[in-house]
1. Does Gly177 satisfy being more than 30 Å from Leu326 (Cα to Cα) and outside any helix (DSSP H, G or I)?
2. What are the pairs with Cβ atoms under 6 angstrom where one residue, in the stretch 299-313, is free of Cβ contacts under 8 Å to residues at least 60 places away in the same chain and under 26 Å from Ala61 (Cβ atoms) and the other, located anywhere, is of a type in the set (Gly, Ala, Ser) and assigned to a strand (DSSP E or B)? Sequence gap at least six, or different chains.
3. Within the stretch 452-470, identify whether any single residue is aromatic (Phe, Trp, Tyr) and at pLDDT 70 or above, and answer yes or no.
4. May I ask you to list the residues in the stretch 44-66 that are within 21 Å of Phe107 (Cβ to Cβ), in contact (Cβ under 8 Å) with a residue 24 or more places away in the chain and among the acidic types (Asp, Glu)?
5. I'd like to check something: does the stretch 155-177 contain any residue that is polar (S, T, N, Q), more than 25 Å from Val226 (Cα to Cα) and surrounded by fewer than 21 Cβ atoms within 10 Å (Cβ to Cβ)?
6. When you scan the stretch 628-664, how many residues do you find that are at pLDDT 75 or above and either over 15 Å from Ile534 (Cα atoms) or of a type in the set (Val, Ile, Thr) (or both)?
7. Which pairs turn up if I take residues in the stretch 67-89 that are closer than 16 Å to His238 by Cα and touching a residue at least 12 places away in the same chain (Cβ under 8 Å) and look for partners that are open to solvent by 20 Å² or more (accessible area, probe 1.4 Å) and of a type in the set (D, E, K, R) with beta carbon separation below 8 Å, at least 6 apart in sequence or on another chain?
8. Which residue pairs have Cβ atoms closer than 8 Å, lie 6 or more positions apart in sequence or on different chains, and pair a first residue in the stretch 192-208 that is on the phi > 0 side of the Ramachandran plot with a second residue that is surrounded by 22 or more Cβ atoms within 10 Å (Cβ to Cβ) and modelled with pLDDT of 85 or more?
Amino acid sequence: MIRQAAERWLVVLMILFSLALSGLTVWSVAGQARALQARERSDLEAAAFTVATERSAALRADVERACDAAARAWEFGGADELDAWIASRHEWPLAATVGATGMVVVFPRPPLSEPFPQAPNPLPPGATPTTMAAAESLSGRDLLALLRDFQTLATNPDPLTRAGALLAMATVEQQLGQPLAAARLFGDAAHLLRSTPRLARYAFRAELARVDTLLAAADYDRAREVYAGLLRGLRNDHPGRLSPAETARLAEQWRQLGIEPEDPLAALRDELRQRAERRSQRAAVLERIDLREGAGVRFSTAVTAADERVVVATREIAPGVVLQLLAPQQSLLERYWPAPTADAYAWRLMPSAAAGLVLAQLGPEFGGAVLEPSLTAAAGLRAHAHRQIAIVAATAIGTTGAWALVIVMLMRVVTRQRELARVQGRFVADVSHELKTPLALIRLLAETLAEQRVRNPDRVQSYHETIIREAERLSVLVDNILDLGRIESGRKTYSFGECEPAVIARQAWTLFEPQFAEAGFQTELDLAPQLPAIRADAQALQQVLVNLLQNAYRYSRENKFVRLRVWREGFIVIFSVEDHGIGMGRNELKRLGESFFRAEDARTVQTRGAGLGLAIVNHIVTAHHGKIDVQSRPGAGSTFTVWIPFDPDRPAPLRPPARTGAGA
């Protein structure tokens with residue numbers, strides 16, 4: 001009985017001990033689940049904060065550059081030059097200057113907000129303001145003499161004087177009963193004013209007078225044509241140019257022309273009226289912005305009467321003169337936060353804070369927008385939380401009679417997680433961010449195909465082609481890394497032999513010619529005749545040209561142009577690859593050729609590359625006792641020139657390649 005009681009108590013103790021260890025295990029698992037969940041959230045917040053900091057810095061840098069340009073315009077020509085500058089910057093729909101007296105001047109200034117400026121030589125020799133005011137009482141002969149004087153004045157080199165003379169000539173032609181000639185002169189004056197940035201806004205007055213003159217001549221067809229051209233020109237002008245006064249004047253001529261409401265021009269007229277209303281609403285915001293003291297750019301967020309959220313950047317551009325730049329929050333978000341092509345980001349951009357989890361607050365420079373977890377990331381967090389709850393429940397039930405096994409398995413899990421964390425850390429440290437995008441895309445498409453969510457054969461084929469292309473790109477990247485490793489460790493060998501430069505250039509060009517044609521490039525292949533044979537590794541030199549052509553293809557923008565030239569100078573064969581792409585600055589050129597270096601430019605962030613191509617090119621050219629030179633300017637393109645020496649005693653090829661060229 002005592003032994004049975006002892007065994008019973010031992011069983012009870014074991015059960016109690018098992019329950020205690022089970023409770024401890026459940027508590028530990030629950031704590032670990034909370035820690036992992038907190039870590040995932042912390043990682044998301046850290047990634048979002050990093051991205052938010054980079055985008056905010058890019059916006060602040062752009063605003064600083066814009067303010068510097070505005071300061072130069074103000075210093076050069078005052079308000080007129082600043083008006084011309086802001087009229088050329090459509091990314092800022094409105095701007096304003098605030099002087100020491102607190103007076104707010106909104107730019108771009110509306111055409112009817114001020115009279116036509118006084119020209120240096122407004123009147124012809126012998127004419128006075130009195131005679132001009134009384135021109136209606138002059139005889140036809142006197143008007144003709146005055147017209148000849150103005151014709152002489154219209155050749156003055158000053159554009160303001162010429163424009164004033166043309167407008168005066170138009171007035172005289174009206175008094176002479178020549179409305180069509182007056183309309184032509186009004187059109188010439190408008191063209192001259194539009195071609196002069198600081199006077200462009202006054203072209204609106206000349207166009208209005210031209211339409212009025214044609215209406216007076218009963219030439220309704222021509223008046224309608226000129227009026228339609230005026231509306232289209234205003235649509236292409238700066239979005240903040242017109243005010244309600246201009247739209248009211250346009251509406252008056254609309255009624256005089258008798259244009260029907262269903263006319264196609266009605267939509268254009270309504271668009272211009274909406275622009276004028278938005279200008280008035282935004283201008284009211286600029287007038288009430290609090291100008292606090294502080295160095296550098298200050299940002300503030302406001303809401304217009306139409307519930308439009310706008311961002312105002314403020315900075316002093318001259319002693320006592322403060323510049324305000326206004327942009328809608330939505331346009332800034334679209335410019336600096338482009339939508340991803342796939343759900344590869346763990347966050348999504350929201351205009352304002354909602355009920356969800358806020359990863360990062362963007363601040364007033366982006367109108368108080370926030371970063372929240374993407375739908376995929378939020379679903380992953382919820383799924384992870386549900387899995388952890390299930391694990392805790394299963395652990396609580398399973399460890400009741402098998403606590404030892406649970407402890408062993410838990411130790412193995414902890415050890416495995418620690419090993420995985422160590423391997424993951426090494427992996428993240430060893431590979432570049434360039435591997436992430438293709439891997440994510442391949443995984444996304446593969447999962448889509450595996451789950452049979454896409455049944456359209458064309459889309460399935462497109463997904464397969466994308467997976468193959470991204471896999472090939474990863475293979476090329478790994479090969480480049482291995483090739484660079486062999487080069488830097490001294491294990492890279494070259495097979496030197498006699499080869500023809502023209503053949504090498506043509507082979508490299510052939511590889512990229514289809515891509516250039518598909519992308520709409522203007523291309524030019526220029527091979528000089530009688531090129532000498534050189535002693536080199538033909539495959540390595542071809543790799544040099546392929547890398548340079550690939551960079552020209554990658555970093556092109558609107559002006560798609562590439563030229564490959566090969567010629568001889570003395571005992572040197574020169575290869576040149578020229579493009580009209582984004583170009584590089586001085587600091588980037590200093591680091592060109594370093595392994596894994598890429599320019600930290602907003603224009604190159606979305607362009608694929610690992611920074612290996614030019615490093616390999618540099619090693620190959622050095623191995624051939626050559627030299628590489630780069631001529632580049634930001635926004636103007638780059639020209640890479642490679643010099644390869646040759647033996648002057650070797651003869652030229654028997655059949656020199658022809659000089660060829662191609663354009664797209």
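The values are calculated or read from the model by the stated rules, or taken from the named source; none is laboratory data. In this text the structure is predicted, and so the values were computed from the model without any measurement. Note: ideal-geometry Cβ built from the backbone for every residue, glycine included; neighbour counts use all protein chains shown. Note: areas computed on protein heavy atoms with side chains; ligands, DNA, RNA excluded. Shrake-Rupley method; radii C 1.70, N 1.55, O 1.52, S 1.80 Å.
1. Details: more than 30 Å from Leu326 (Cα to Cα): yes; outside any helix (DSSP H, G or I): yes.
The answer is yes for Gly177.
2. Going by the 6 Å Cβ cut-off, the qualifying pairs are Val310/Ala302; Val311/Ala327; Val312/Ser300.
3. The answer is yes; a qualifying residue exists.
4. Scanning the stretch 44-66 gives a single hit, Glu64.
5. yes
6. In the first step, residues of the stretch 628-664 are kept if they are at pLDDT 75 or above; the result is 628-646.
Imposing the further condition that a residue be either over 15 Å from Ile534 (Cα atoms) or of a type in the set (Val, Ile, Thr) (or both) reduces the set to 628-642, 644.
Residues meeting the conditions: 16.
7. Asp80/Arg198; Glu81/Arg198; Asp83/Arg109; Asp83/Arg198; Ala84/Arg198; Ala87/Asp237
8. Correct list of pairs: empty, since none qualify.
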